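Before any comments, here is the structure.
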Amino acid sequence: MIINKILIKPILTEKATNLVQSKVYMFEVDLKANKNQVKNALETLYKVKTGEVKMMIRKGKEKKVGKKGLLKKTSNRKIAFIKLKEGKIDLFPQK
């Protein structure tokens, strides 16, 4: 799998910015990616040493769309929580 397709985007929420203080970063990753692929992609792109990687799948929601109120399901998302041993990533705002 290509490195650019493994890491989709960083998650910049209030919870994610609070986790940065304890060196835990949140990224949205590809649904087919595993922990080793995410770890290797992050180490090569950002030149950091990664520790443990935890992953979860956030289920898609059903929304009503249009005049008739038809149900549409949003897609599932996979989120990786990555703890760093050394280095830091400057994508996230610091307090």
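Just so you know, all these numbers are worked out from the coordinates, no wet-lab data involved. Note that this is a predicted model, so its numbers are computed, not measured. Here the Cβ is made from the backbone with ideal geometry for all residues, glycine too, and neighbour counts use every protein chain on show.
Details
- Across Asn40, Asn18, Asn76, mean-square fluctuation computed from a Gaussian network of the chain (C-alpha pairs under 10 Å connected) peaks at Asn76.
- Sparse-neighbourhood loop sites, trypsin sites (Lys or Arg not before Pro) in the range 1-78 - DSSP loop, at most 15 other Cβ within 10 angstrom: Lys32, Lys47, Lys59, Lys61, Lys67, Lys68
- Per-pair calculated FRET efficiency, R0 = 25 Å: Met55 and Leu12 via Cβ, rounded to 0.05: 0.85
- Across the chain, Cα-Cα distances exceeding 19 Å account for 45% of all pairs.
- Length gained on full extension, Met1 to Lys83: 27.3 nm, using 0.36 nm per residue less the C-alpha separation.
- Annotation: amide H of Ile11 within the under-5 Å range of Met26, Phe27, Glu28, sequence separation 5 or more or interchain, hydrogens built in the peptide plane.
- Per-residue ³J(HN,Hα) for the range 54-70, Karplus 6.51 cos²θ - 1.76 cosθ + 1.60, θ = phi - 60°, Hz, x for Gly and Pro: 10, 10, 8, 10, 8, 5, x, 9, 9, 10, 8, 10, x, 5, 7, x, 5
- Using 0.36 nm per residue and subtracting the Cα-Cα separation, the extra length available between Glu62 and Lys35 on full extension is 6.9 nm.
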